[in-house]
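Note sheet for the following structure.
The values are calculated or read from the model by the stated rules, or taken from the named source; none is laboratory data. None of the values given here were measured: they were computed from a predicted structure. When we count neighbours, we look across all protein chains shown, and the Cβ atoms used for this are built from the backbone with ideal geometry, even at glycine. Side chains included, ligands, DNA and RNA excluded: accessible areas come from the protein's heavy atoms. Shrake-Rupley method; radii C 1.70, N 1.55, O 1.52, S 1.80 Å.
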Amino acid sequence: MRFKLIIAFVNDDKTNTVIKAAREHGATGATVINNARGEGVTKSKTFFGLNLDTQRDVLLFLVEQHLSRDILEAIAEAGNFEAEPGTGITIQLDVEDAIGVIHQMQTITPAIEDQI
């Protein structure tokens, strides 16, 4: 079984919505890193030297490669990434090896047997 790592950078108010969408499309869990900060094409506004940025979360999903594109698109739709600039981005990376995912493999295998 081969895996992809999906990384999503989302506004913290959309974290639960994005995780729910990913789970509905086959993700078995997520790791959330809170209070990340980023800067896009347009510099963020300040008020008396204080940033007015919304906090972002970094979400990490280790998913089976056959499910990854559907999950990636579900995350983008739930986060409204294409409709609203600055709401977040998501990427996927190939995973060469993974240890500690035996329970995930047992859960996913019946769902994707016809695809592998």
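Couple of notes before you dig in:
- Of the residues in the range 60-83, none is surrounded by 12 or more Cβ atoms within 10 Å (Cβ to Cβ) and either at pLDDT below 85 or in contact with a Cys (Cβ under 6 Å, 6 or more places away or on another chain) (or both).
- Checked against the criteria, A22 does not count as assigned to a loop (DSSP other than H, G, I, E, B), of a type outside the set (K, R) and modelled with pLDDT of 90 or more.
- Answer residue from the range 89-116, given it is modelled with pLDDT of 90 or more and out of contact with any Leu (no Cβ under 7 Å at 6 or more places or on another chain) and is most open to solvent (accessible area, probe 1.4 Å) among those: E96
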